[in-house]
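The values are calculated or read from the model by the stated rules, or taken from the named source; none is laboratory data. Keep in mind that what you see is a predicted model, and the values were worked out from it rather than measured. Don't worry about glycine lacking a Cβ; one is built from the backbone with ideal geometry, like all the others, and counts go over all protein chains shown. Calculation scope for accessible area: heavy atoms of the full protein, side chains included, ligands and nucleic acids excluded. Shrake-Rupley method; radii C 1.70, N 1.55, O 1.52, S 1.80 Å.
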Amino acid sequence: SVAIMMSAGNTGIDEPPGAIIRSERSAYKGVGYSQDLVPLYLYEGKRFFLHPTRAGLKLSDEGRHRVDLFLDFRFEGFPAGPIPASLAGMQARESSTDLGVSYAYRAAWGNLKAEFLRDALNVNHGEELRFGYSYDWNSGRWHLRPAITLMLRSARLNNYYYGVRPEEATADRPQYMPGAGTDAWLGLYGYYDLSRGW
């Protein structure tokens, strides 16, 4: 997926509102790419934080160690627009919100993070365990953060979003239950300061 962020104002703990254009190629056959306009609001208080898809409480934030309890929106699910022929006759798979807990460790050589997420709305009844590493690199106005995350997904999570139930099977779409699995995600966050205020 690709996100383009636009905001204005001085950098700091509280960022002014802006927008993220999120583009992602769907895993579902025949859907293609989808775009979302996601509001951008960044707030980091002493005990509470608010990010574009995540809000939570800082249970502990002392130096190199941080523990959070949060709610996070999960973008997975069938497209909101026209349903392609490959998904015709299937019950819709809905997006959901996860309840999670995370632990982060910050050091000069990089940042380690572990998270456990569970479906808070009982939509997919799934769980996910994530382990990540990132590194902050700054040079003048350039700010880059390469990152890698390993995600261990439960069978319920994968089966809900990517399985084909017996009653949904057709000659061209056989029954399929993927079970538990592991995903890897590689990303690069970056921004460039056009000026002190942009």
Consider the stretch 115-137. How many of its residues are in contact with a Leu (Cβ under 8 Å, 6 or more places away or on another chain), assigned to a strand (DSSP E or B) and surrounded by 14 or more Cβ atoms within 10 Å (Cβ to Cβ)?
11
Residues of the stretch 141-184 that turn out to be under 28 Å from GLN91 (Cα atoms), part of a strand (DSSP E or B) and open to solvent by 40 Å² or more (accessible area, probe 1.4 Å), as a count:
5
Residue pairs meeting the criteria (Cβ under 7 Å; at least 6 apart or on separate chains; first closer than 12 Å to LEU99 by Cα and open to solvent by 50 Å² or more (accessible area, probe 1.4 Å), in the stretch 50-62; second outside any strand (DSSP E or B) and of a type outside the set (Asp, Glu))
LEU57/ARG47
Taking the stretch 63-95 only, how many residues are of a type in the set (Asp, Glu) and open to solvent by 70 Å² or more (accessible area, probe 1.4 Å)?
1
Would you confirm, using the coordinates I've provided, whether LEU112 is modelled with pLDDT of 95 or more, within 18 Å of the chain's Cα centre (by Cα) and not in a strand (DSSP E or B)?
no
Odd one out for LEU188 among (1) touching a residue at least 40 places away in the same chain (Cβ under 8 Å); (2) within 23 Å of LEU57 (Cα to Cα); (3) surrounded by fewer than 15 Cβ atoms within 10 Å (Cβ to Cβ):
(2)
